[in-house]
Amino acid sequence: MELLKKNCWVLVLLCSLSAWGQECPDPIFPAPGQSNVSVISTISWEEVVGVTGYQISLGSIPGGSDILGRTSTGSQASWTPPCSLPDDTEIFVTIYLFFLNQPAIACDTYSFTTEIVDITPGCTTLANPIDGAVNVPVQTDIRWDCSPTATQYRVSLGTSPGGSELVNDQVVSDLLSLDPPGDLPPETEIFVRIIPENLNGLASGCEEYSFTTGIDTPLPDCAVMLSPADGEGNVPLSPLLQWTAVPGAEGYRLSIGTSPFLNDILDNANLGNVTETDVLNFEPNRVYYIRVVPFNIAGEALNCEQTNFSTILGCGPYFDAGGNLIDLSPPLNFPPAIGICGEGDSTVRAEDPADGYRWYRIPPFGREELLAEGPEFEVPETGEYRLEIYNNISGPDGNFECRSEQVFTVTQSEVAVVERTDVQLGAGVITIEVIVSGSGDYEYALDEGGPYQDSNRFVNLPIDNYRVYVRDKNGCGITETLVEPDLSLDGFPKFFTPNGDGINDTWQYIPPPSGINTIRELHIFDRYGKLLAQIDPRSQGWNGTFNGSPLPASDYWFRAVNENNQVLQGHFSLKR
């Protein structure tokens, strides 16, 4: 067995979970054929296990890419347009599944139709330089935020309010930036006007922004990524990132993301004046996008390119060269919540086979603490913990661990206390509901040996006495209780109100749905035993009078005889 495990990398087909024949994801939003879709919608689809990344293209015809050329979204199963989609347009979407060691799969094209935009766009906001900024590099470009529904922008720059001698009403489409011709004048206040436009007209009332340039100092050039090189594959999960030193640079800013549009790993971090850095714990089978931007007193280098690299296949899940979905991490089936008894054994066990086991405590504040190794763990107290199991794998680049983990919560458990049992009568059957208290996780049965159920209700039981068992799932003990349905007074009202309102004006035996206790004689007495009335069980009932006179509000007694000659007695209230 050990030899097989050590050579699992070579005999990878033996570790596969499914054969090639990968299905494409279903669209989430917009749905195929959906109409009147907002032009600022995010397009999303289901995630696919084992896929390294996704690409998307949009066109105005099936399979076209005139709206958006084939663009990577990294590991994100969605794409958000940088501004807005064209309005009143049927847009055809093609999703591509990207693999490190397989050709990409082009999924079937589907389409949706956008809404009709019949209003002018709103104004935009200057994004770079920000309004009022000072010491702005003279080589800077002008960038602004998207104005939804705008199809183009008119940009003017001048050295006085309303001026346009630097840039005069230049039309910019398909971009949210403008590189002014030549450098801007140094140590000068620059005024910027950006007017969004679409087929309905120009935005109105847009404000003018301004910023002040700094001294005429050259910006640094962009750095070149040395390691990993652009497009490099099989990169270790904890690589050393290196780039070229740039003359005149005082420092470098680093961004890393799992898609070209998202810096979710590192966002423009200032690393100081270094040309390399360690990164820990990238995920396997992933493409990462990286950008290094040098800066100095004049500002940041402009238009530095983004590069990407892919990590080793590692533990998976991924598709191998034979089209098999591989996952070398051990399966883990451990509950997210368990209970321990106040007294007794508090040992829990991981039943899934693996090479190793680690049990961690997760404190409310602070770092995790490794408490034990091995399949069994004696829980010290309630709280939050993490179980990590792993297999040791031998690959072409050395040995590594493939792990699975489960965070679980430990609570105090105890034997149940039965507070009461509620019995409801039906047509020849009863329903029993068991009400318990306690901090355990309980299950219920009508026999000590089970079968047990999570529900505390037992329905459609034949009319009989029952012994109910309540068991703590964490082994703290079993509580039992005897349920004896009281059927004798079923059908006799507890009170009546003879006030002439048509509701409960008479007192009479009501045959219950159970069909038991059919009454043939019924007598009513006062508290002293005086007979007040003899009632035919088929009549309207007693109206609360004696010899034609209303009796006072009080308790009264009845004596009934059923068809089995069983005598039933009880009392009820007359309320006025």
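The values are calculated or read from the model by the stated rules, or taken from the named source; none is laboratory data. Values in this document were obtained by computation on a predicted structure and should not be read as measured data. For neighbour counting, all protein chains shown are included, and Cβ atoms are generated from backbone atoms with ideal geometry for every residue, glycine included.
A few points about this structure:
- Here T109, T89, T114 are screened, and the one residue that is in contact with an Asp or Glu (Cβ under 6 Å, 6 or more places away or on another chain), over 28 Å from D264 (Cα atoms) and not aliphatic (A, V, I, L, M) is T114.
- Residue match in the range 61-75 (condition: surrounded by fewer than 21 Cβ atoms within 10 Å (Cβ to Cβ), under 26 Å from the mean Cα position of the chain (by Cα) and not basic (K, R)): yes
- Checked against (1) more than 34 Å from the chain's Cα centre (by Cα); (2) farther than 30 Å from A354 by Cα; (3) modelled with pLDDT under 90; (4) not acidic (D, E), G398 meets all criteria but (2).
- Residue in the range 218-225 that is in contact (Cβ under 8 Å) with a residue 60 or more places away in the chain and out of contact with any strand residue (DSSP E or B) (no Cβ under 8 Å at 6 or more places or on another chain) present: yes
- Residues of the range 532-576 that are under 20 Å from P511 (Cα atoms) and part of a loop (DSSP other than H, G, I, E, B): I535, D536, P537, R538, S539, Q540, G541, N543, E563, N564, N565, Q566.
- Members of the range 194-210 that are in contact with a Leu (Cβ under 8 Å, 6 or more places away or on another chain) and either part of a loop (DSSP other than H, G, I, E, B) or within 17 Å of G158 (Cα to Cα) (or both): I194, I195, Y209
- In the range 352-373, the qualifying residues are those that are under 16 Å from N333 (Cα atoms) and out of contact with any Pro (no Cβ under 9 Å at 6 or more places or on another chain), and the one that is surrounded by the most Cβ atoms within 10 Å (Cβ to Cβ) is W359.
- Scanning the range 272-310 for residues that are farther than 26 Å from S177 by Cα and surrounded by 14 or more Cβ atoms within 10 Å (Cβ to Cβ) gives T275, T277, V279, F282, P284, N285, R286, V287, F309, S310.
- Subset of the range 280-302 that is of a type in the set (A, V, I, L, M) and part of a loop (DSSP other than H, G, I, E, B) - its residue that is modelled with the highest pLDDT: A301
- Residues being in contact with a Phe, Trp or Tyr (Cβ under 8 Å, 6 or more places away or on another chain), at pLDDT 95 or above and not hydrophobic (A, V, I, L, M, F, W, C) - total across the range 239-249: 0
- One residue alone among A249, A269 is in contact (Cβ under 8 Å) with a residue 24 or more places away in the chain and either surrounded by 13 or more Cβ atoms within 10 Å (Cβ to Cβ) or of a type in the set (V, I, T) (or both), and that residue is A249.
- Those residues of the range 492-531 which are aliphatic (A, V, I, L, M) and either modelled with pLDDT under 90 or touching a Leu at 6+ places or on another chain (Cβ under 7 Å) (or both), in sequence order: I503, I510, I516, I519, I524
- Picking from residues in the range 341-361 that are among the aliphatic types (A, V, I, L, M) and modelled with pLDDT of 95 or more, the one that is nearest to S404 (Cα to Cα) is A354.
- Hey, N465 modelled with pLDDT under 90, within 46 Å of the chain's Cα centre (by Cα) and closer than 29 Å to E563 by Cα or not: no
- Top-ranked residue in the range 251-278 [being in a strand (DSSP E or B) and of a type in the set (S, T, N, Q); ranked as nearest to T311 (Cα to Cα)]: S259
- Residue check, P103 more than 24 Å from N308 (Cα to Cα), more than 25 Å from the chain's Cα centre (by Cα) and either exposed (fewer than 15 other Cβ atoms within 10 Å of the Cβ) or of a type outside the set (A, V, I, L, M, F, W, C) (or both): no
- Which listed residue is touching a residue at least 60 places away in the same chain (Cβ under 8 Å), closer than 16 Å to P32 by Cβ, assigned to a strand (DSSP E or B) and under 26 Å from the mean Cα position of the chain (by Cα), from I56, I95: I95
- The range 153-199, residues that are more than 19 Å from D131 (Cα to Cα) and of a type in the set (A, V, I, L, M, F, W, C): V171, V172, L175, L199
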